[in-house]
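This report refers to the structure that appears directly beneath it.
The values are calculated or read from the model by the stated rules, or taken from the named source; none is laboratory data. Because the structure is predicted, anything quoted here is derived from the model rather than measured. When we count neighbours, we look across all protein chains shown, and the Cβ atoms used for this are built from the backbone with ideal geometry, even at glycine. Areas reflect the complete protein model, heavy atoms only, side chains present, ligands, DNA and RNA absent. Shrake-Rupley method; radii C 1.70, N 1.55, O 1.52, S 1.80 Å.
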Amino acid sequence: MTTSASPNQIPNPISSPGDDGLQAATRSPRIAIEAVQPSLELGRFAAKTIAGQPITVSAVIFADGHDVLAAEVVWRDDRGQGGREAMHLVHPPGKDIWDAVITPTRIGRHTFVIEAWWDVFATYRDELFKKHQAGVPVELELEEGRRLVAAAVERSEGELRQALESVLERFQAGANEGERVGALLDARTARWMHAADARPHLARSEAIYPLEVERRAAQFASWYELFPRSETEDPRRHGTFNDVHKRLPMIRDMGFDVLYFPPIHPVGHAHRKGRNNTLQAGPDDPGSPYAIGSPEGGHEAIHPELGTREDFRHLIKAAADHGMEIALDFAIQCSPDHPWLSEHPGWFSWRPDGSIRYAENPPKKYQDIVNVDFYAEDAVPSLWATLRDVVQGWVDEGVKIFRVDNPHTKPLPFWEWLFADIRGRDPDVLFLAEAFTRPAMMKRLGKIGFNMSYTYFTWRNTKAELTEYLTELNESPMRECYRPNFFVNTPDINPYFLQSSGRPGFLIRAALATMGSGLWGMYSGFELCEGEPVPGKEEYLDSEKYQIKPRDYTAPGNICYEITQLNRIRRENPALQTHLGVSFYPVHNERVLFFGKRTDDLDNVVLVMISLDPFEAQEGPFELPLWAFGLGDEAALHVEDLMSGHRWTWHGKWQSMRLEPWHLPFAIWRIHPVR
């Protein structure tokens, strides 16, 4: 059993010397329960799962001797409702691995423990069967069995007691040894005896293991980001919430279900940035929406030029009518004009000359932004509670998804408390971490409760890089704590790959994102293949962060149709609705990535081949995973091209494919065996 210290664990007393240690040793469990999964740091953090989705719980369970063991997973939700699920020994049995599948159906925090005990009757049945089969006299063994059943009758009641009494009656009525053996080896007898088991040497896992059961959108969703102020045909006129309505059908038809806005709060005037991040703003420059706060209000308010609160509520409803949720940006930073600076100066760190340091992320400078100090004397706990109230206020307006700006620069204890507080009232609320930082911090943010995160996918371009990264995301501990949202671009990041690869490059990244993860996102303009950079930087020239930017979303060369098809394919194929379960297959070309995803029952198997070269055609032989269906090398598979709808049959495990970037640099096939 695990003995490492943890808040959920019981200290081990048997290391005490003398009689106290001896007494503790005699009471210590004889059964070891180790390597429990899913688990994060021995139950310190909750592993993630989705409501209605089966999850396998496993452990290494063993004891001294050769007696048969039994084990169960005991699980509960935060209302005390749950159940028990029998665990079974996984083959090969020599590894002592047991598992069970549970399916929580209610979102919210759950816990589970594992119980194991000596199954006396199962041990007895095993011995009786072997001896009877070998022709060994079993008269004494039959009496032992009778006594075991009789003892079970005494500790049972109701229908179970009646059932066990019927076993004794059948046993007594047996005309010969074979009939009495049959009464004890009957499968029904085994079930009834299991139900009446006294569970000798009962042991429980030392930790209580938490599970965070979340709604489907935490694992499968397509995000579209836009600036509401740019939803205008005239760059001199500030767009409004009401202007966004006309875009809803197009965004819905492309297959997006989350519509995400950068901050919608009043924008400050002090040190406002001009076009292309210049330090001097013109009189008509709107400034960065991340410079939050002005005399009109702060994080709880709406920028007046966007519309009223009633306009916002109307937009939330309209989006819902189109099958979409509105996600808001939660950026804990302030313009120097933010009301908090005058109302709560103790929430900030002031310099000796009375000024306040602006935000920096060298070499980037944000002269229009200042940061709060979470641990300033006056900030604890009032700042924390106010930020919680900000989030709760938007939740009350109907917002259930938040993208959090730079969460790795804020205290981890704050996030862990905030999530528990907000989700304690509404477990539907989800948080996306916009964190491009060190791997340990990325993982920790997932552990403390972020439902999903931006990722390193943005900078993984080669076959080796993509294979390594997707494999890492499928392995522990990442698979238990971290859900990747594959954003192909953001207002802050214009990836180098997209700056020079043209339309084929945008198709390549769209295919990688949509097929690689259940969660993906794009910032508006991607469908138009926008990629003009600030020279030498991963930034957009004429960035929308600093200006109003109308677009013609039907402009020639757009990839709206392909994005629509990719999102349709995701919706129609359950295997693609998670980043988990990816398998890479051989293809003899280093510029081509070939992988597949499948459901456990093999009812849905999808193969994806993507050229990573946006300039030249790539081709080569590839190997079909016939073995996954238990088929030989010469077997046949039915194939459907999910982009074109064409169907054919492949014969044999080796096939060949040519991908042309000027046509379509990827292929997606659904396969199933020829019956």
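Quick look at the numbers
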item: Output for region 255-304, where each listed residue is closer than 16 Å to residue 391 by Cβ and in contact with a Cys (Cβ under 9 Å, 6 or more places away or on another chain); result: 292, 298, 299
item: Count - residues of region 90-140 that are within 23 Å of residue 197 (Cβ to Cβ), surrounded by fewer than 17 Cβ atoms within 10 Å (Cβ to Cβ) and of a type in the set (Ser, Thr, Tyr); result: 1
item: Failed item, numbered, when residue 240 is tested on (1) open to solvent by less than 20 Å² (accessible area, probe 1.4 Å); (2) touching an Asp or Glu at 6+ places or on another chain (Cβ under 9 Å); (3) β-branched (Val, Ile, Thr); result: (1)
item: Residues (of a type in the set (Gly, Ala, Ser) and without any contact (Cβ under 8 Å) to a residue 60 or more places away in the chain) located in region 561-596; result: 575, 583, 596
item: Region 185-219, residues that are touching a residue at least 12 places away in the same chain (Cβ under 8 Å), among the hydrophobic types (A, V, I, L, M, F, W, C) and either in a helix (DSSP H, G or I) or open to solvent by less than 20 Å² (accessible area, probe 1.4 Å) (or both); result: 185, 190, 192, 193, 195, 196, 203, 207, 211, 213, 217, 218
item: Some residue of region 578-586 being in a strand (DSSP E or B), in contact with a Pro (Cβ under 9 Å, 6 or more places away or on another chain) and either surrounded by 19 or more Cβ atoms within 10 Å (Cβ to Cβ) or of a type outside the set (A, V, I, L, M, F, W, C) (or both); result: yes
item: Check on residue 18, out of contact with any Pro (no Cβ under 8 Å at 6 or more places or on another chain), surrounded by fewer than 15 Cβ atoms within 10 Å (Cβ to Cβ), closer than 24 Å to residue 121 by Cα and modelled with pLDDT under 95; result: no
item: Residue tally, condition open to solvent by 10 Å² or more (accessible area, probe 1.4 Å) and farther than 18 Å from residue 660 by Cα, over region 588-603; result: 6
item: Test result for residue 179, open to solvent by less than 20 Å² (accessible area, probe 1.4 Å) and charged (D, E, K, R); result: no
item: Residue in region 636-651 that is within 22 Å of residue 561 (Cα to Cα), touching a residue at least 12 places away in the same chain (Cβ under 8 Å), out of contact with any Cys (no Cβ under 6 Å at 6 or more places or on another chain) and open to solvent by 60 Å² or more (accessible area, probe 1.4 Å) present; result: no
item: Checklist (1) open to solvent by 10 Å² or more (accessible area, probe 1.4 Å); (2) in contact with a Pro (Cβ under 9 Å, 6 or more places away or on another chain); (3) among the aromatic types (Phe, Trp, Tyr) applied to residue 450, failing item; result: (1)
item: Residue satisfying condition, being β-branched (Val, Ile, Thr) and outside any strand (DSSP E or B), within set 123, 111; result: 123
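Residue-by-condition table, conditions (1) more than 11 Å from residue 458 (Cα to Cα); (2) part of a loop (DSSP other than H, G, I, E, B); (3) touching a residue at least 60 places away in the same chain (Cβ under 8 Å):
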| site | (1), (2), (3) |
| --- | --- |
| 490 | no, yes, yes |
| 499 | yes, no, no |
| 508 | yes, no, yes |
| 543 | yes, yes, yes |
| 550 | yes, yes, yes |
